[in-house]
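Engineer: Below are the C-alpha cells for one structure; questions will follow.
The values are calculated or read from the model by the stated rules, or taken from the named source; none is laboratory data. The model shown is predicted, which means the values in this text are computed figures rather than measured ones. Note: ideal-geometry Cβ built from the backbone for every residue, glycine included; neighbour counts use all protein chains shown.
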Amino acid sequence: MSRFSFPSLFIFLFLVLIVVSTPYEASSRIRSDYLQNECLKVPIYEFVGSLKTTIDTIQDVTSTISNFGNFVGNFRLTNAITDCLDLLDFSADELSWSMSASQNPKGKNNSTGDLSSDLRTWLSAAFVNQGTCIDGFEGISSILKSLVAGGLNKITSSVQQLLNKVDSNPKPNYDTNGVALAGRKSSQKDKFPAWFKREDRKLLVINGVTADAIVAADGTGNFTKIMDAVSAAPDYSMRRYVIYIKKGFYNEYVEIKKKKWNLMMVGDGMGVTVISGNRSVIDGWTTFRSATFAVSGRGFIARDITFENTAGAAKHQAVALRSDSDLSVFFRCEIKGYQDTLYTHTMRQFYRNVILAKKGLSNQKNTITAQGRKDPNEPTGFSIQFCNISADIDLLPYTNSTYTYLGWLEWSGDQYLDTLHYGEYLNYGPGAGLANRVKWPGYHIFNTSNQANNFTVAQFIEGNLWLPSTGVRYTAAVSGEGFLARDITIENTAGPQKHQAVALRIYADLAALYRCTINGYQDTLYVHSFRQFYRECNISGTIDYIFGKAAVVFQAYNVLSNSASVKSYLGRPWRVYSRTVILEFYIDDFIDPTGWTNWFGDQGLDGLYYGEYDNYGPGSAVDSRVTWPGFHIMDAYDVYNFTVSYFITGDEWLHSTSFPYDDGI
C-alpha cells in the first residue's frame with residue numbers, strides 16, 4: 001500500500017483480514033469424494049496443472065528480478081527488489097501448499113483442517129503479493145517497474161483465474177454417517193489441527209507461562225535481543241514455542257520468517273514490554289519493509305506487548321506491525337504509530353486490543369481503515385467488532401479541528417465508491433450517529449443481525465475452526481434470543497442473618513448473562529430451570545449462593561466468598577441426583593481440602609454426580625477429596641458431556657447472543 005496524502009491508522013480491537021485460497025471439484029482421476037464434489041468449477045487435474053504453471057512463472061520472474069539486486073546502488077530501490085523476492089517466495093509457498101493439500105487433503109500440515117478454507121486463504125494471499133511488490137517501486141524507478149510489471153501481472157492474472165474457478169459457496173461434504181466434514185461440531189478433534197495441543201488454549205489467559213526462551217534487556221535471560229531468540233527457535237515447529245520477553249524497551253527490528261511456525265511471544269504488559277523502531281518511506285524504506293515488527297510464520301501468537309513506530313506523522317508510511325501470518329492472534333497488545341500503523345497484509349488474523357488515533361500533520365486527515373480488496377472473489381476485509389475508537393492524548397486537543405474518519409473518505413474522486421462494501425451495525429457513542437454518513441452506493445446501514453452475521457468471527461474468518469485453540473475469547477455472532485443481560489450489578493443486601501435472600505432468579509430458557517455482578521449472602525443466584533449461560537460474571541455469597549435445578553454453564557467467572565472465616569466447600573447435594581462439575585478452574589485455599597460437603601447424612605451421596613477436571617490453584621489438590629460413590633476425578637471424555645455445546649446445546653443459540661463463549665475444553 002503506497003500513499004502520501006494522509007495517514008491511515010488501522011484501529012481495531014477486533015480486526016480481521018481473511019485472505020483465503022482455493023478448493024476444487026475433483027475429476028474422475030481423483031478418488032477423494034471431498035475433492036470430487038465441492039470446491040472447484042473445473043476438474044482437479046486442470047486446477048493442479050494451473051498451479052504448477054503459475055509456480056514455474058514465479059520462478060522465472062524471481063530469476064529476472066534477482067539480476068537487478070547487486071548493481072542498483074539505490075537504498076530504496078534495493079528495498080523494493082528485496083520485497084519482491086520475499087513476496088514472490090511467499091506466493092510460491094502458498095501455491096505449493098495449495099497443490100500439496102489438494103493432493104493430500106488429510107495432510108497434517110493443512111492448517112485448520114478445513115481444506116476449502118485453507119485453500120482459499122492461500123490462493124488469495126498469492127493474489128495480493130505481486131501488487132505489494134509493484135507498489136514498492138512507486139516514485140523511484142519507472143523503468144525498472146515497467147520491466148518487472150509484465151511478469152508480475154502475469155502471475156496475478158493466473159492466480160485471479162484460479163480464484164474465479166473456485167465455488168465461493170461449496171456444498172457441505174458428508175462422512176459415512178451423514179455428518180458435515182467442514183465445520184462439524186461433534187468433537188474437539190474435528191475442530192483443531194493436530195499441531196494445536198490442548199494446553200495451548202490456556203497460554204493467553206494464565207500467568208506463569210512456561211517459556212522455551214527468555215529475552216531480557218538487562219541480561220537476566222537467555223538472550224538480550226528478540227531476534228536472537230527468534231533465530232534460535234525451531235523451523236516448522238508443530239508444537240507451540242514460547243518466547244518470554246521481560247519488561248524493557250527493545251529498540252530493534254524483528255522479522256519472523258515464514259519457516260518459524262507456532263511461535264508465541266509473551267510480554268509483561270502493554271507499555272511495559274515495548275518493541276520500537278522508526279523506519280519510514282521518507283527515509284527510504286518501502287511501506288512493506290518499514291515495519292518495526294513483521295511476522296510471516298504460521299500460527300503466531302502475541303500477548304501483552306507494545307509494538308510501535310515512532311517515525312512521526314511527517315515521515316508518512318511507517319508501519320509498527322505487519323502480519324502475513326495465517327491463523328495469527330494478537331491479545332492485549334498495543335500497536336502505536338501514525339500512518340499505516342498496522343499492516344494486515346494477508347491471511348486470517350484476529351486482534352483483541354485497542355489502538356489509539358494520534359494527531360497527524362496540520363494538512364492531513366486521520367482515517368482509521370484502508371482496506372485493499374481488488375477482486376470480488378477475494379474473501380478479505382476488515383470486521384471491527386466490540387471496539388473502542390478513541391483519540392490519543394496528542395489528538396484530544398485537536399478533535400474539533402482535525403478530521404478523523406472510519407475509512408469513509410474518498411481516495412480519489414468517486415473511484416471505487418460503487419464497488420466497496422462499508423457497513424455499520426448497532427454502534428454507540430458520541431460519534432456513532434448515522435444521519436450525516438456518506439451516501440455512497442457501497443455504504444450500508446445494517447438493519448438486521450442477519451446482515452451483520454456475515455462479518456462475525458465464525459462466518460468471516462472461520463474462527464470457530466482455530467480460535468478456540470488459542471485461548472483468546474471471542475464472540476461468534478450478534479443478535480438476541482431469550483433473556484440477555486450485560487454489564488449490570490444485581491444485589492440483595494438483606495445480610496447473612498436474614499437467611500435465604502435471592503438477588504437474581506432466572507426462570508427463562510436460553511438465558512445468558514455477560515459481565516454481570518450478582519451480590520448477596522444465602523441463595524444469591526437462583527438458577528431455577530431451563531438452559532442458562534453465564535460469562536465473566538462475579539457472584540458473591542456465603543451459603544448455597546448458586547442453587548437451583550437448571551442446566552447451567554459458567555465460564556470465566558469469579559465466585560467470591562463473603563465469609564472467609566468459616567469453612568467453604570464447592571457444593572452440597574440439595575436433591576438426590578445433584579450434579580455439579582468444576583472444570584479448569586482456579587480454586588483458592590479457602591476451600592476445604594475435602595472439596596464437597598453433605599446436605600444431611602449420606603442423603604444423595606450415591607446418586608449425585610460431582611466431578612473435577614484439570615483445576616489449578618492452592619485449593620485444587622484432589623488427594624484429600626471426599627470418597628463418595630458419586631464423586632469423580634474426570635478425564636477428557638467425561639468432560640465433553642458438560643461442555644457448552646453438549647450440556648446446554650449452546651452452539652444452537654449462544655452464537656446469536658453476541659456473548660463470547662468457549663464450546664470445548
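Engineer: I'd like the residue in segment 573-593 that is surrounded by fewer than 18 Cβ atoms within 10 Å (Cβ to Cβ) and in contact with a Ser or Thr (Cβ under 6 Å, 6 or more places away or on another chain) and, out of all such residues, is farthest from residue 495 (Cα to Cα).
Structural biologist: Of everything passing the filter in segment 573-593, 593 is farthest from residue 495 (Cα to Cα).
Engineer: For segment 514-525, give me each residue that is under 11 Å from residue 546 (Cβ atoms) and surrounded by fewer than 22 Cβ atoms within 10 Å (Cβ to Cβ).
Structural biologist: 523
Every residue, every condition in (1) surrounded by fewer than 17 Cβ atoms within 10 Å (Cβ to Cβ); (2) among the hydroxyl-bearing types (Ser, Thr, Tyr); (3) part of a strand (DSSP E or B); (4) without any contact (Cβ under 8 Å) to a residue 40 or more places away in the chain, yes or no:
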{"residue": "601", "(1), (2), (3), (4)": "yes, no, no, yes"}
{"residue": "604", "(1), (2), (3), (4)": "no, no, no, yes"}
{"residue": "618", "(1), (2), (3), (4)": "yes, no, no, yes"}
{"residue": "621", "(1), (2), (3), (4)": "yes, no, no, yes"}
{"residue": "625", "(1), (2), (3), (4)": "no, no, no, yes"}
{"residue": "629", "(1), (2), (3), (4)": "yes, no, no, yes"}
{"residue": "639", "(1), (2), (3), (4)": "no, no, no, no"}
{"residue": "642", "(1), (2), (3), (4)": "no, no, no, no"}
{"residue": "646", "(1), (2), (3), (4)": "no, yes, no, yes"}
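Engineer: Touching a Cys at 6+ places or on another chain (Cβ under 8 Å) and of a type in the set (Gly, Ala, Ser) - does that describe any residue in segment 302-312?
Structural biologist: yes
Engineer: While we're on this one: Just a yes or no: is a residue in segment 549-572 farther than 22 Å from residue 641 by Cβ, of a type in the set (Phe, Trp, Tyr) and surrounded by fewer than 20 Cβ atoms within 10 Å (Cβ to Cβ)?
Structural biologist: Yes: one or more hits.
Engineer: Check whether at least one residue in segment 482-489 is in contact with a helix residue (DSSP H, G or I) (Cβ under 9 Å, 6 or more places away or on another chain) and at pLDDT below 85, and report yes or no.
Structural biologist: yes
Engineer: Here are the criteria: (1) assigned to a helix (DSSP H, G or I); (2) surrounded by fewer than 21 Cβ atoms within 10 Å (Cβ to Cβ); (3) at pLDDT 80 or above. Tell me which single one residue 124 does not satisfy.
Structural biologist: The number of the failed condition is (2).
Engineer: Can you give me the number of residues within segment 308-336 that are modelled with pLDDT of 90 or more, within 20 Å of residue 128 (Cβ to Cβ), in a strand (DSSP E or B) and not small (Gly, Ala, Ser)?
Structural biologist: 2
Engineer: Test of understanding: among 235, 228, 268, which residue is out of contact with any Gly (no Cβ under 6 Å at 6 or more places or on another chain), of a type outside the set (Ser, Thr, Tyr) and not in a loop (DSSP other than H, G, I, E, B)?
Structural biologist: Going through 235, 228, 268 in turn, the sole match is 228.
Engineer: Mind listing whichever residues of segment 148-165 are touching a residue at least 60 places away in the same chain (Cβ under 8 Å) and either out of contact with any strand residue (DSSP E or B) (no Cβ under 7 Å at 6 or more places or on another chain) or over 18 Å from residue 53 (Cα atoms) (or both)?
Structural biologist: Within segment 148-165, 148, 151, 152, 154, 155, 158, 159, 160, 161, 162, 163, 164 meet the criteria.
To keep it simple, each residue is scored yes or no on (1) of a type in the set (Asp, Glu); (2) part of a helix (DSSP H, G or I); (3) within 21 Å of residue 461 (Cβ to Cβ); (4) modelled with pLDDT of 95 or more.
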position: 68; (1), (2), (3), (4): no, no, no, no
position: 96; (1), (2), (3), (4): no, yes, no, no
position: 99; (1), (2), (3), (4): no, yes, no, no
position: 128; (1), (2), (3), (4): no, yes, yes, no
position: 134; (1), (2), (3), (4): no, yes, no, no
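Engineer: If you go through segment 487-531, how many residues are under 21 Å from residue 572 (Cα atoms) and in contact with a Cys (Cβ under 7 Å, 6 or more places away or on another chain)?
Structural biologist: Residues flagged as under 21 Å from residue 572 (Cα atoms) and in contact with a Cys (Cβ under 7 Å, 6 or more places away or on another chain) within segment 487-531 amount to 1.
Engineer: Restricting attention to segment 294-333, which residues are acidic (Asp, Glu) and crowded, with 24+ Cβ neighbours inside 10 Å?
Structural biologist: 324, 326
Engineer: Next up: Answer yes or no as to whether residue 214 is outside any strand (DSSP E or B) and at pLDDT 50 or above.
Structural biologist: Here the answer is no, as residue 214 does not meet what is asked.
Engineer: Further question: Please report, ordered by residue number, the strands (runs of 3 or more DSSP E) entirely within segment 524-597 with at least 1 residues that are touching a His at 6+ places or on another chain (Cβ under 7 Å).
Structural biologist: In segment 524-597, the matching strands (runs of 3 or more DSSP E) lie at 546-548.
Engineer: Cβ contacts < 9 Å: first residue touching a residue at least 24 places away in the same chain (Cβ under 8 Å), restricted to segment 125-146; second residue among the charged types (D, E, K, R) and crowded, with 24+ Cβ neighbours inside 10 Å, any location; separation 6+ or different chain. Result?
Structural biologist: Pairs found: 125/94; 125/324; 125/326; 126/94; 129/94; 129/324.
Rundown of residues vs (1) on the phi > 0 side of the Ramachandran plot; (2) β-branched (Val, Ile, Thr); (3) assigned to a strand (DSSP E or B), yes/no style:
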{"position": "249", "(1), (2), (3)": "no, no, yes"}
{"position": "260", "(1), (2), (3)": "no, no, no"}
{"position": "275", "(1), (2), (3)": "no, yes, yes"}
{"position": "282", "(1), (2), (3)": "no, yes, no"}
{"position": "285", "(1), (2), (3)": "no, no, no"}
{"position": "302", "(1), (2), (3)": "no, no, yes"}
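Engineer: Please state which one of 523, 623 is out of contact with any Gly (no Cβ under 7 Å at 6 or more places or on another chain) and on the phi < 0 side of the Ramachandran plot.
Structural biologist: When all the criteria are applied, what remains is 623.
Engineer: Further question: Which pairs turn up if I take residues in segment 243-272 that are under 25 Å from residue 346 (Cα atoms) and look for partners that are among the aromatic types (Phe, Trp, Tyr) and surrounded by fewer than 17 Cβ atoms within 10 Å (Cβ to Cβ) with beta carbon separation below 8 Å, at least 6 apart in sequence or on another chain?
Structural biologist: That search, which allows pairs on different chains as well, returns 259/236; 261/236.
Engineer: Being among the hydroxyl-bearing types (Ser, Thr, Tyr) and within 31 Å of the chain's Cα centre (by Cα) narrows it down to one residue among 627, 643; which is it?
Structural biologist: 643
Engineer: Related question: Across segment 492-523, what is the total count of residues that are modelled with pLDDT of 85 or more and outside any loop (DSSP other than H, G, I, E, B)?
Structural biologist: Within segment 492-523, residues that are modelled with pLDDT of 85 or more and outside any loop (DSSP other than H, G, I, E, B) number 11.
Engineer: Can you tell me which residue in segment 248-293 is farthest from residue 324 (Cα to Cα), limited to those that are among the polar types (S, T, N, Q) and crowded, with 23+ Cβ neighbours inside 10 Å?
Structural biologist: By that ranking, first place goes to 273.
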